[in-house]
Amino acid sequence: MTPSWSGWKHYPKGGRGNIDAPIGPGLYEVRRANDGALFSFDVVENLAMALAALQTRPKRLGWFGRRGEAVTPELEYRYYPTRSWEQARLAGDHILSRRESWFSRAA
């Protein structure tokens, strides 16, 4: 069986909740649910840990360390599990080169 992308799943608000991802190497992609804009993409050694540690809130502080209203976007995620870190890196390079070639043709 060849690995493939999982279906899109709702990312828990504020990172609190259950994240359904395997413990092992692979790629993940996180997008905004309302418009499909890419939020994060990475090749990692542990999918579950990387998705759980994803920073979804803005990092900026207001004046004197006060935070304004931080709007956390509705996010969706999917993952592509692989057997090894090397296979994940090669798959990530392949996906990025395909995106670059698509954008160069679209421009």
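Tallying residues that are surrounded by 11 or more Cβ atoms within 10 Å (Cβ to Cβ) and modelled with pLDDT under 85 within region 25-66 yields 3.
Residues of region 12-30 being closer than 12 Å to Tyr79 by Cα and either assigned to a strand (DSSP E or B) or of a type outside the set (Asp, Glu) (or both), which ones?
Ile19, Ala21, Pro22, Ile23, Gly24, Pro25, Gly26, Leu27, Tyr28, Glu29, Val30
The numbered conditions (1) surrounded by 12 or more Cβ atoms within 10 Å (Cβ to Cβ); (2) at pLDDT 90 or above are all true for Leu96 except (2).
The values are calculated or read from the model by the stated rules, or taken from the named source; none is laboratory data. Keep in mind that this is a model prediction, so the values were computed, not measured. Note that each Cβ is placed from the backbone with ideal geometry, even for glycine, and that neighbours are counted across all protein chains shown.
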